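Engineer: One structure follows; several queries about it will come next.
The values are calculated or read from the model by the stated rules, or taken from the named source; none is laboratory data. The structure presented is a predicted model; accordingly, all values stated were derived computationally and were not measured. Heads up, the Cβs are rebuilt from the backbone with ideal geometry, glycines too, and the neighbour counts pull from every protein chain shown. These accessible areas exclude ligands, DNA and RNA; they are computed on the full protein's heavy atoms, side chains included. Shrake-Rupley method; radii C 1.70, N 1.55, O 1.52, S 1.80 Å.
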Amino acid sequence: MVQLSAAAINRVDVAIIGGGIAGVAIAEYVARHTNLSVQLLEKNSHLGGDSSGKLEGWFHTGALYSGQDDGQTFFNCVNGVEDLLNHYSNYFAGRCNLTLGKYDHGYRPTVSGAGWFDPNPVYLIHPQRHSPEMLQSGLKGDRVQLEMQLKRVLGRLEMAYGQQFNWRSPTGHAAAAPDYGHLESYEQRGCSLLSQSEKISHYCQQFDLSHGVEPSDYALLKSLDCAMDTQGILQDLTASALAHGTAIATGINLEQINVDRYGPVRVQSIFYRDRQGQQHYLKANAFIFAVGAGFDRILPTLQVRAKLKRSRSTMVVAYPAVSPHNFVRMSTKNSYHFNHFFQRANIFDSSQFFNYSMLANSGYVSDENDCLASGEIELLLDTAARYFGEDNLYQRQLWSYDCVKTEFISDDVQKRRYSYWIEVNPQSNYLCVLPGKFSFFPTVAVQTLKQLKTILPAPEIDRNHQDYHAYCDQAQALVASPYPHQLLAAHLKNKANS
């Protein structure tokens with residue numbers, strides 16, 4: 001008997017390769033705002049299983065980047081908040097709980113209630129001249145740099161999220177973020193975001209004492225940054241994509257990209273195998289590649305002139321949580337950076353939640369370096385012990401792992417932004433997309449659709465009335481559990497069985 005082997009052939013308007021936050025967000029937004037047929041392909045068994053599932057769960061609104069010389073990344077964060085308000089908060093009402101709030105001086109973004117974002121704020125700890133790093137340095141230049149950084153932080157954050165700017169647009173129908181000129185023309189008239197938190201101040205005092213110095217003054221700012229539910233966001237976006245007709249295939253093996261042999265590079269089709277080994281040819285009018293760390297083997301085929309850079313940063317999970325407060329220490333010295341995020345996990349799909357902490361800092365090593373980032377782990381643990389106490393910290397179950405972060409370095413200096421990267425050739429039929437951070441999924445989706453229309457014209461329609469809730473169970477089965485949740489689940493099961 002002869003066994004036949006045939007490849008299934010399918011055709012769609014838009015094929016998206018990569019099921020991390022970029023691919024999922026793009027699929028959802030394109031399907032919700034156009035009549036284009038969309039197919040999403042992911043190599044892993046579940047969506048969001050690589051970098052998107054290993055993050056510390058920090059929703060960036062600009063606080064971390066407010067002190068940089070170059071304000072572009074901070075400005076990109078502010079624009080991301082505007083995109084979230086205008087394109088997601090109404091449609092995902094009750095889930096996207098970052099909305100415009102009314103205050104005495106107008107409207108500004110606020111987080112309230114339960115949903116994608118934790119209403120507990122992230123406090124920025126900004127050291128001043130008597131902090132351990134300044135006392136140990138003793139250099140006048142370091143003190144000047146510290147003062148300049150604090151001035152930028154206070155000015156930019158106050159202008160964006162304080163009382164000096166009204167986010168409600170003149171028409172009253174949308175949110176309008178401050179532009180770059182607003183952010184850079186701030187006049188020092190006090191900062192309404194300066195805060196006093198006894199708990200955070202207590203951690204700062206412990207940190208100073210651990211360095212053998214008297215407790216010093218710190219500038220504490222209450223930022224819009226917060227912890228976010230990355231799994232919940234991915235599940236809701238996936239449910240909405242399914243509700244609008246997106247076909248999703250996971251566990252695929254991309255074997256070949258078929259391109260034109262002559263003239264500008266155009267993708268004719270892609271050849272892949274599904275999880276059962278069945279062969280598929282997928283043809284599309286437009287292809288979107290959002291494959292993260294796997295881009296390096298695709299770039300030559302697509303003739304994209306960009307270099308892929310990968311770096312690893314160390315994360316530590318502490319269970320139970322060491323603190324219910326979210327805070328970030330900003331400093332001119334990288335070794336003094338420290339992030340603590342309080343997270344909650346529904347491990348076994350019940351009403352019981354487990355609290356844990358995510359500990360990290362700004363340290364990273366090149367992913368091309370084979371050595372384990374053990375130095376970063378030791379530094380992170382040492383810093384955490386200084387804030388929370390050694391006995392308190394090591395009474396917890398602790399795990400460490402490396403999170404790989406991917407960035408493109410393009411020939412065009414303007415494209416070298418950690419926030420996101422979109423490459424399109426109007427003479428071709430494909431786009432390459434990479435979000436620098438999970439937080440930029442709204443902007444990545446909105447900007448990708450704009451670029452997609454340059455190669456595949458499609459009228460934008462309003463399909464916000466579609467109910468996605470009926471697809472939540474299917475989406476839940478498709479989305480990977482975040483890596484910290486997997487660690488917790490394995491620990492709790494072993495503990496229950498022992």
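Engineer: Evaluate the distance, in nm, between pseudo-label points positioned 7 Å from the Cα of Asn355 and of Gln256 along their respective Cα→Cβ axes.
Structural biologist: Reported label-point gap for Asn355 and Gln256 is 5.7 nm.
Engineer: Skipping prolines and chain starts, which residues have an amide H placed within reach, meaning under 5 Å, of the one on Tyr430, given they are 5 or more residues away or on another chain?
Structural biologist: So Tyr430 has HN proximity to Phe287, Asn425.
Engineer: Keeping all protein chains in position, work out how much accessible area Arg143 exposes to a 1.4 Å probe, and write it in Å² to the nearest 10.
Structural biologist: Result for Arg143: roughly 70 Å² accessible.
Engineer: Also: What FRET efficiency, computed as 1/(1 + (r/R0)^6) with R0 = 60 Å and r the Cβ-Cβ distance, is obtained for Asn35 and Val144, rounded to the nearest 0.05?
Structural biologist: E(calc), rounded to 0.05, equals 0.55.
Engineer: So, one more: For the chain, with all protein chains present and a 1.4 Å probe, just round the carbon and sulfur fraction of the accessible area to a whole percent.
Structural biologist: Working: 10340 of 22260 Å².
Result for the chain: 46 percent of the exposed heavy-atom area is carbon or sulfur.
Engineer: By how many degrees, 0 to 90 and rounded to 10, does the Cα axis of helix 140-161 deviate from the longest principal axis of the chain?
Structural biologist: 60 degrees
Engineer: Could I ask something else about it? Computed over the Cα atoms of region 1-129, what is the ratio Rg over Rh, Rh following Kirkwood? Spell out each step's value before the answer.
Structural biologist: On the way: Rg = 20.4 Å, Rh = 18.3 Å.
Expressed as Rg/Rh, it is 1.11.
Engineer: Using 0.36 nm times the number of residues separating Gln397 and Lys283, minus their current alpha carbon distance, what extension gain do you get?
Structural biologist: Here the answer is 36.1 nm.
Engineer: Still on this model: Taking Cα pairs under 8 Å and at least six residues apart, what relative contact order does region 75-194 come out at, in percent? Could you put the intermediate results ahead of the total?
Structural biologist: Working: 132 pairs, mean separation 32.6, N = 120.
Relative contact order of region 75-194: 27 percent.
Engineer: Show log10 I(q)/I(0) for region 202-319 at q = 0.19 Å⁻¹, two decimals, from a solvent-free Debye sum over equal Cα scatterers.
Structural biologist: -1.29
Engineer: Quote to one decimal, in nm, the extra length available between Arg275 and Glu133 on full extension: 0.36 nm per residue of separation minus the C-alpha distance between them. It would help to have the intermediate numbers written out before the result.
Structural biologist: Working: separation 142, 0.36 × 142 = 51.12 nm, distance 5.32 nm.
Once the chain is fully extended between Arg275 and Glu133, it gains 45.8 nm.
Engineer: Along the positive direction of the dipole of region 267-313 (beta-carbon charges: Lys, Arg +1; Asp, Glu -1; about the Cα centre), which of Gly294, Ser313, Ala284 reaches farthest?
Structural biologist: Ser313
Engineer: Please state the charge dipole magnitude for the chain, taken about the Cα centre, from unit charges on C-beta atoms (+1 on K and R, -1 on D and E), reported in debye and rounded to the nearest 20.
Structural biologist: On the way: 43 positive and 47 negative charges, 141 e Å.
Dipole of the chain, to the nearest 20 debye: 680 debye.
Engineer: For the cross-link pairs Lys102/Lys453; Lys437/Lys495; Lys283/Lys437; Lys43/Lys333; Lys43/Lys309; Lys102/Lys437, which exceed 32 Å when the distance is taken from alpha carbon to alpha carbon? Each step should come with its number before you reach the end.
Structural biologist: Working: Lys102/Lys453 36 Å; Lys437/Lys495 34 Å; Lys283/Lys437 30 Å; Lys43/Lys333 39 Å; Lys43/Lys309 21 Å; Lys102/Lys437 29 Å.
Among Lys102/Lys453; Lys437/Lys495; Lys283/Lys437; Lys43/Lys333; Lys43/Lys309; Lys102/Lys437, the Cα-Cα distance tops 32 Å for Lys102/Lys453; Lys437/Lys495; Lys43/Lys333.
Engineer: Describe numerically, in nm with one decimal, the distance between label points set 7 Å from Cα along Cα→Cβ at Lys333 and at Leu209.
Structural biologist: Going from the Lys333 label point to the Leu209 one covers 2.0 nm.
Engineer: Could you list the residues of region 42-80 with an amide nitrogen less than 16 Å from a label point located 7 Å from the Cα of Ala249 in the Cα-to-C-beta direction?
Structural biologist: Of the residues in region 42-80, 42-47 have backbone N under 16 Å from the label point off Ala249.
Engineer: Then there's this: Based on DSSP loop calls and a cut-off of at most 15 other Cβ atoms within 10 Å, the longest stretch of the chain free of exposed chymotrypsin sites (Phe, Trp or Tyr not before Pro) is what?
Structural biologist: Values: sites that count: Tyr262, Phe348, Phe353.
Counting at most 15 other Cβ atoms within 10 Å as exposed, the longest clean stretch of the chain is 1-261.
Engineer: At 1.4 Å probe size, with every protein chain present, just tell me what the per residue accessible area of region 1-137 comes to in Å². Mind showing how you got there, number by number?
Structural biologist: Details: 5210 Å² over 137 residues.
Spelled out: the 1.4 Å probe surface of region 1-137, per residue, equals 38 Å².
Engineer: Still on this structure: Net charge near Ile377, counting Lys/Arg +1 and Asp/Glu -1 over other residues with Cβ under 12 Å of its Cβ? Each step should come with its number before you reach the end.
Structural biologist: Details: positive: Arg312; negative: Glu376, Glu378, Asp382, Asp402.
Taking every Cβ under 12 Å from that of Ile377, the sum is -3.
Engineer: Cα-based Rg (one decimal) and Dmax (whole number) for region 120-263, in Å?
Structural biologist: In Å, with Rg to one decimal and Dmax whole: 23.5, 71.
Engineer: Among Val446, Tyr218, Ser197, which residue has its Cα positioned farthest towards the positive end of the charge dipole of the chain, with +1 placed on the Cβ of Lys and Arg, -1 on the Cβ of Asp and Glu, and the dipole taken about the Cα centre?
Structural biologist: Result: Val446, furthest along the dipole toward the positive end.
Engineer: Also: Report the Cα centroid-to-centroid distance between region 306-347 and region 81-127 in angstrom, as an integer.
Structural biologist: 21 Å
Engineer: In whole Å, how far is the Cα centre of region 7-54 from that of region 278-304?
Structural biologist: Here the two parts' Cα centres lie 12 Å apart.
Engineer: Val12's amide H: which non-local residues (gap 5+, or another chain) put their own amide H closer than 5 Å, with H modeled 1.01 Å from N in plane and none for Pro or chain starts?
Structural biologist: Answer set, sorted by chain and number: Lys283, Ala284, Asn285.
Engineer: Would you mind getting the accessible area per residue of region 210-363, heavy atoms of the protein chains only, 1.4 Å probe, in Å²? Could you put the intermediate results ahead of the total?
Structural biologist: On the way: 6080 Å² over 154 residues.
I get 40 Å² per residue for this part.
Engineer: Here's something else I'd like to know. Using the alpha-carbon atoms, what tilt in degrees (0 to 90, nearest 10) does helix 374-388 show relative to the longest principal axis of the chain?
Structural biologist: 50 degrees
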